[in-house]
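Only one structure is covered here, and it is reproduced in the block below.
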């Protein structure tokens with residue numbers, strides 16, 4: 001019976017496609033290794049080869065991480081380049097364990113936002129419009145500069161704001177722009193733009209937590225002033 005190579009399997013059985021469709025955690029250790037090496041030999045697929053290697057390592061990634069390149073190169077279908085790829089991946093995993101997780105800023109009040117973002121907006125002679133993207137715990141996921149303008153106008157594309165929100169899987173947003181003139185009060189255009197963004201975001205079940213106007217000396221919060 002002729003052996004099927006991985007490209008001839010159903011898409012749901014191919015490691016790369018499985019990762020894309022079902023997520024990285026759906027893959028076995030052997031399937032992840034098969035993605036690394038890409039191909040096996042004429043006698044066995046990459047997945048079969050990786051299963052055999054793992055079996056020889058007593059199905060332990062900790063044991064496998066102690067192997068050298070020459071240990072892996074003993075297997076038909078594993079050359080130096082593939083052996084190095086496996087070793088490098090295991091080393092990255094080891095280093096990740098030694099890395100402290102990033103502490104995401106908690107931005108659940110206008111004062112916290114002002115203190116966190118003040119340095120970005122200070123001393124600007126032109127307007128900038130930023131959006132902070134938050135998770136369900138009001139912690140910062142990402143920040144994006146949406147528009148840059150002159151002294152009193154900044155073009156803002158709402159579609160760009162929402163595209164980033166979907167990309168970062170944001171639960172809520174905080175809008176930020178500055179008034180280089182030092183005027184704290186929002187303009188009519190500021191209020192109108194805020195309403196448009198709030199309405200558009202709600203169609204995607206995304207909340208706008210605040211819109212904060214920065215000056216060098218202070219700030220104005222739409223939320224604190226009852227405008228949201």
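The values are calculated or read from the model by the stated rules, or taken from the named source; none is laboratory data. Everything quoted here is computed from the prediction, not taken from an experiment. All Cβ positions, even for glycine, are placed from backbone atoms using ideal geometry, and neighbour counts span all protein chains on display.
Quick notes on this one:
- When the stretch 77-117 is filtered for residues that are in contact with a helix residue (DSSP H, G or I) (Cβ under 8 Å, 6 or more places away or on another chain), surrounded by 13 or more Cβ atoms within 10 Å (Cβ to Cβ) and more than 30 Å from residue 179 (Cα to Cα), the ones remaining, listed by number, are 77, 78, 82, 83, 84, 85, 86, 87, 89, 90.
- Residue among 185, 178 that is under 20 Å from residue 111 (Cβ atoms), exposed (fewer than 12 other Cβ atoms within 10 Å of the Cβ) and touching a strand residue (DSSP E or B) at 6+ places or on another chain (Cβ under 7 Å): 185
To keep it simple, each residue is scored yes or no on (1) at negative phi; (2) modelled with pLDDT of 95 or more; (3) loosely packed, with under 15 Cβ neighbours inside 10 Å.
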residue: 35; (1), (2), (3): yes, no, no
residue: 39; (1), (2), (3): yes, no, yes
residue: 44; (1), (2), (3): yes, no, no
residue: 55; (1), (2), (3): yes, yes, yes
residue: 61; (1), (2), (3): yes, no, no
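- Here residue 48 fulfils each of the conditions (1) in a helix (DSSP H, G or I); (2) within 17 Å of residue 35 (Cβ to Cβ); (3) in contact (Cβ under 8 Å) with a residue 12 or more places away in the chain apart from (3).
- Test: residue in the stretch 96-109 that is farther than 19 Å from residue 216 by Cα and assigned to a helix (DSSP H, G or I): yes
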